[in-house]
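The values are calculated or read from the model by the stated rules, or taken from the named source; none is laboratory data. This is a predicted model, so every value here is computed, not measured. Because the Cβ atoms are built from the backbone with ideal geometry, glycine has one as well, and the counts that use them run over all protein chains shown. Side chains are part of the model used for accessible areas, which takes the heavy atoms of the whole protein and leaves out ligands, DNA and RNA. Shrake-Rupley method; radii C 1.70, N 1.55, O 1.52, S 1.80 Å.
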Amino acid sequence: MLRLRRLEVEDFGPYKGTQEFRFPDGDGVTVVYGENRRGKTSLLNAIRFALLGQVVTRGSRPLQFHKVLNAVARAEGRAGFRATLEFEFDRHAYTLTRRAELRAGATEPLGHEDFRSTLFLQRDGQPVPQVEAERELTRVMPPQIARFFLFDGELLSEYEELLRDRGESDVGPKIAAAIEQILGLPILQHARADLAALAEGAAQEESRAAQRDKNAQTIGSTLENLTAMHGRQREEGDRLQRDMERALARKAELDEVLRKSTLLSSLLGDRDRVDREIADLSARRDEKQAKLQQAMQGAWRGVVARRIAPRHQALTTRRDALQAQLSRHLAAAERARDLHAAAQAGQCPTCAQSMDRAAATRLAEQADAANVGDVAAEQRELLEVQQELDAAARLAAADDGSRVADLFDDLEQIKVELHTRTARQQELADELSEHNESDYRLQRREYDRTAGEIRILGDGLTKTAAEVQRLSEQIVDTRKRLDRVAGAGLAGERQKRETFDALASLFRDAIEVYRDRLRTRVERDATELFLKLTSEPDDAALRINEQYGLTIVHKDGSDIPVRSSGAEQIVALSLMGALQKNAPLRGPLIADSLLMRVDDTHRANLVRALPSMASQVAVLVFEAELRPQNARDLLRERLLAEYAIERVSAKHSTLVPFDGGR
Amino acid sequence: MSDFAELIATVEQVRAERYPSLPADLIAQILTVEAQHPEDRAEAMRVIRQTVLAALAESPGSAPAPMATQAVVPHA
């Protein structure tokens with residue numbers, strides 16, 4: 001049983017100087033009130049730092065030590081922080097001090113690597129040798145299960161993920177492995193693995209002994225070879241499995257990081273899109289500019305054409321007049337020629353009767369009097385006018401004024417769009433400069449690479465398992481043959497091998513039995529807690545699955561899909577409580593942001609249930625999350641102490657006993 | 001409540017039902033060794049080997065095989 005007694009922090013986060021927090025004696029709940037950014041999470045982190053040497057931020061990512069330093073202390077010239085935790089474990093009193101200090105040579109703390117962390121552990125007043133101290137702490141609070149004792153909204157989110165998970169992601173196996181860790185399964189798993197390895201060693205010994213028996217030499221040799229091959233395949237399978245677990249863990253980490261980088265991903269997506277749009281607009285701008293330039297080369301023609309328009313009009317009028325005049329004169333000339341011909345012939349051209357000389361003379365006079373103009377001169381002038389008109393028409397045809405205007409308008413529009421996109425590009429660049437884009441891209445690439453590695457490892461594991469199975473069957477057959485021919489000299493080796501085999505098999509079976517029992521107990525205890533928490537009268541129980549995911553069961557026996565965020569949190573908390581109850585290690589429950597997403601009814605139920613979740617509970621809340629009067633009414637005598645984190649400045653908080661409202 | 005005693009009780013139940021020829025105290029000893037050396041598997045294996053061989057030396061005639069229904073094969 002781990003019980004915390006006292007925490008002292010120095011220049012840790014917002015806690016400037018030395019400040020202490022005393023955990024009250026007895027079983028019950030301590031409430032620490034603090035508004036956002038005052039230092040609730042830092043208090044949890046101080047305990048985590050002392051026990052595990054870690055400080056984490058959102059997404060359970062490590063927080064760089066230079067960001068943990070109290071800013072005011074740093075301004076005053078101090079560049080280290082400390083957490084001292086006094087606790088009891090297995091009837092021993094411990095004082096644990098962990099410091100982070102600037103490394104020799106580092107003058108300005110700029111990153112994690114500028115610090116060195118030191119640990120000092122005392123047990124019952126006696127110093128624990130350094131080499132044993134970390135091991136001792138691992139026994140007190142194994143890092144793998146610390147999350148069940150020191151938890152925040154992030155852990156609940158992981159559990160909620162588990163509830164939603166339907167096998168598509170790695171969350172289920174990851175959480176299930178962590179749960180089995182806290183439930184003590186690794187003791188059985190280690191025993192089974194160790195005994196299997198010892199059984200294999202014994203099998204090799206037996207094979208070697210058989211080779212010394214002249215009746216069994218050949219079979220012994222075969223058996224040894226098969227056993228060695230089996231061992232190699234099993235080792236290969238173990239290696240692949242370790243690689244697979246490492247790859248799955250890394251993928252899960254990257255998945256978490258990438259999911260948390262949704263904003264960055266979105267910004268990068270926007271930036272890439274804007275970059276493409278800018279490239280496209282630039283190409284269109286260049287194209288329009290080229291066309292405009294070309295059009296502008298003949299633009300002077302358009303200007304001249306507009307200037308000569310009156311002249312063009314006058315020429316057109318003149319041409320029309322000339323054409324009319326010329327037509328008249330040509331007709332008159334033709335008529336005059338006919339009259340002259342008739343006068344010379346002395347015959348009327350209309351009725352064909354002979355005419356006298358006088359009439360012929362009159363006709364000749366009429367013909368001479370006809371106005372036939374100067375057709376040749378008129379034709380020359382018409383030709384000249386027409387040539388001038390043709391030239392003007394060519395100029396008019398070359399008038400690209402409207403086309404130039406269109407091109408110009410298009411170009412201006414493109415420039416406006418380009419300007420807008422460029423401004424957005426700059427905005428995105430500014431926003432992205434606050435994030436580490438190259439890290440994100442590297443992580444994205446690593447994620448894809450890891451996913452590919454997992455597929456390959458999966459194939460390898462399948463093939464190795466098949467090979468191990470094939471060799472196992474051959475070994476069984478070969479042993480049967482050996483038993484038939486071997487002498488009594490092999491009895492001792494056989495007994496060793498069979499004993500280790502039997503023990504390994506026993507633990508293999510025990511793992512399954514224990515796992516089933518754990519699930520049953522976790523389901524029962526989670527249900528018990530859930531029924532205290534839920535406000536829905538039709539909820540009857542929780543049902544557990546292979547991965548420790550829980551489903552709400554309606555009183556008619558049907559499953560109720562968990563949809564609301566509040567319901568997910570209640571189910572997740574029920575699982576947490578059940579795990580606490582079933583863990584071989586008993587310890588405190590220090591919870592941050594526990595009540596934020598539940599409604600008033602569930603909040604009240606949850607607060608009432610807190611004392612049943614662990615003997616020592618501390619919740620870090622802001623007052624709107626849990627009203628002090630509500631805490632007192634709901635917890636009554638189980639409320640052991642109240643603290644408040646008070647603001648001194650934006651960078652300085654202080655921890656004081658809380659008596660607000662009393 | 002699930003604690004170490006319950007862990008032992010579970011394994012003991014499996015032993016009694018399926019592997020009655022294996023000595024009960026040997027199982028408890030193996031579990032104790034594993035609980036004492038969670039971070040040092042090599043040491044755990046060394047001590048377990050010694051423990052099992054000592055148990056066999058004490059009762060060389062016993063045949064700690066599983067019940068007939070349990071086929072013992074090399075461990076995958």
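Brief remarks on what is shown
- Taking the numbered list (1) part of a strand (DSSP E or B); (2) crowded, with 19+ Cβ neighbours inside 10 Å; (3) in contact with a Ser or Thr (Cβ under 9 Å, 6 or more places away or on another chain) in turn, A:ARG99 passes all entries but (2).
Each row is one residue, and each column tells you yes or no for (1) of a type outside the set (Asp, Glu); (2) not in a helix (DSSP H, G or I).
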| position | (1), (2) |
| --- | --- |
| A:ILE47 | yes, no |
| A:PHE87 | yes, yes |
| A:ALA93 | yes, yes |
| A:GLU113 | no, no |
| A:LEU121 | yes, yes |
| A:GLU136 | no, no |
| A:ILE145 | yes, no |
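- Residue match in segment A:205-226 (condition: within 20 Å of B:THR51 (Cβ to Cβ), open to solvent by 40 Å² or more (accessible area, probe 1.4 Å) and at pLDDT below 90): yes
- Contact map, segment B:29-47: first residue at the interface with chain A (Cβ under 7 Å from one of its Cβ atoms), second residue aromatic (Phe, Trp, Tyr) and in a helix (DSSP H, G or I), Cβ cut-off under 7 Å, separation 6 or more or different chains; pairs are B:ALA35/B:PHE4.
- Of the listed requirements (1) open to solvent by 30 Å² or more (accessible area, probe 1.4 Å); (2) modelled with pLDDT of 85 or more, A:ASP539 misses just one: (1).
- The residue of segment A:462-496 that is least open to solvent (accessible area, probe 1.4 Å), among those that are within 30 Å of A:ASP255 (Cα to Cα) and more than 11 Å from every other protein chain (Cβ to nearest Cβ), is A:THR462.
- Filtered residue count, segment A:280-302, keeping only those that are in contact (Cβ under 8 Å) with a residue 40 or more places away in the chain and in a helix (DSSP H, G or I): 13
- For segment A:524-536, the set of residues classified as under 19 Å from A:GLN580 (Cβ atoms) and either free of Cβ contacts under 8 Å to residues at least 40 places away in the same chain or open to solvent by 50 Å² or more (accessible area, probe 1.4 Å) (or both) consists of A:ARG524, A:GLU528, A:LEU531, A:LYS532, listed by residue number.
- Qualifying residue in segment A:592-604 (condition: among the charged types (D, E, K, R), open to solvent by less than 10 Å² (accessible area, probe 1.4 Å) and within 21 Å of A:ALA178 (Cα to Cα)): yes
- Any hit, segment A:184-197, residues being more than 25 Å from the chain's Cα centre (by Cα), farther than 30 Å from A:GLU493 by Cβ and small (Gly, Ala, Ser): yes
- Unique match (being touching a residue at least 40 places away in the same chain (Cβ under 8 Å) and either more than 33 Å from the chain's Cα centre (by Cα) or surrounded by fewer than 21 Cβ atoms within 10 Å (Cβ to Cβ) (or both)) among A:GLY557, A:GLY587: A:GLY587
- Qualifying residues in segment A:28-52 (those that are touching a Pro at 6+ places or on another chain (Cβ under 7 Å) and over 23 Å from A:SER649 (Cα atoms)) - the one modelled with the lowest pLDDT: A:LEU52
- Selection within segment A:616-651 - small (Gly, Ala, Ser) and more than 14 Å from A:ILE590 (Cβ to Cβ): A:ALA624, A:ALA631, A:ALA644, A:SER649, A:ALA650
- Number of positions in segment A:502-520 that are over 20 Å from B:SER21 (Cβ atoms), open to solvent by 20 Å² or more (accessible area, probe 1.4 Å) and either facing another protein chain (nearest Cβ under 7 Å) or at pLDDT 95 or above (or both): 1
- When A:THR499, A:THR450 are screened for being among the polar types (S, T, N, Q) and either farther than 30 Å from A:GLN211 by Cβ or more than 13 Å from chain B (Cβ to nearest Cβ) (or both), only A:THR450 passes.
- Any hit, segment A:566-581, residues being away from chain B (no Cβ under 14 Å), surrounded by fewer than 20 Cβ atoms within 10 Å (Cβ to Cβ), within 33 Å of the chain's Cα centre (by Cα) and modelled with pLDDT under 90: yes
- Considering residues of segment B:29-56 that are farther than 26 Å from A:GLU205 by Cβ and outside any helix (DSSP H, G or I) only, the residue least open to solvent (accessible area, probe 1.4 Å): B:PRO38
- Qualifying position, being surrounded by 15 or more Cβ atoms within 10 Å (Cβ to Cβ) and either in contact with a strand residue (DSSP E or B) (Cβ under 7 Å, 6 or more places away or on another chain) or at pLDDT below 85 (or both), among A:ALA332, A:ALA397, A:ALA392, A:ALA336: A:ALA392
- Pair list, Cβ < 7 Å and 6+ apart or interchain, from segment A:315-341 residues that are small (Gly, Ala, Ser) to residues that are in a helix (DSSP H, G or I): A:ALA333/A:VAL375; A:ALA336/A:ALA367
- Qualifying residue in segment A:640-654 (condition: in contact with a strand residue (DSSP E or B) (Cβ under 6 Å, 6 or more places away or on another chain), open to solvent by less than 70 Å² (accessible area, probe 1.4 Å) and without any contact (Cβ under 8 Å) to a residue 60 or more places away in the chain): no
- Contacts under 7 angstrom Cβ, first residue in segment A:79-100 being free of Cβ contacts under 8 Å to residues at least 12 places away in the same chain, partner surrounded by fewer than 21 Cβ atoms within 10 Å (Cβ to Cβ), 6 or more apart: none
- Segment B:1-28 - residue that is farther than 30 Å from A:GLU528 by Cβ and within 9 Å of chain A (Cβ to nearest Cβ) and, of those, surrounded by the fewest Cβ atoms within 10 Å (Cβ to Cβ): B:SER21
- Check on A:ASN605, touching a residue at least 40 places away in the same chain (Cβ under 8 Å), more than 27 Å from A:MET141 (Cβ to Cβ) and not hydroxyl-bearing (Ser, Thr, Tyr): yes
- Subset of segment A:49-85 [open to solvent by less than 50 Å² (accessible area, probe 1.4 Å), within 16 Å of A:TYR15 (Cβ to Cβ) and not in a helix (DSSP H, G or I)]: A:VAL55, A:LEU63, A:VAL68, A:LEU69, A:ASN70, A:ALA79, A:GLY80, A:PHE81, A:ARG82, A:ALA83, A:THR84, A:LEU85
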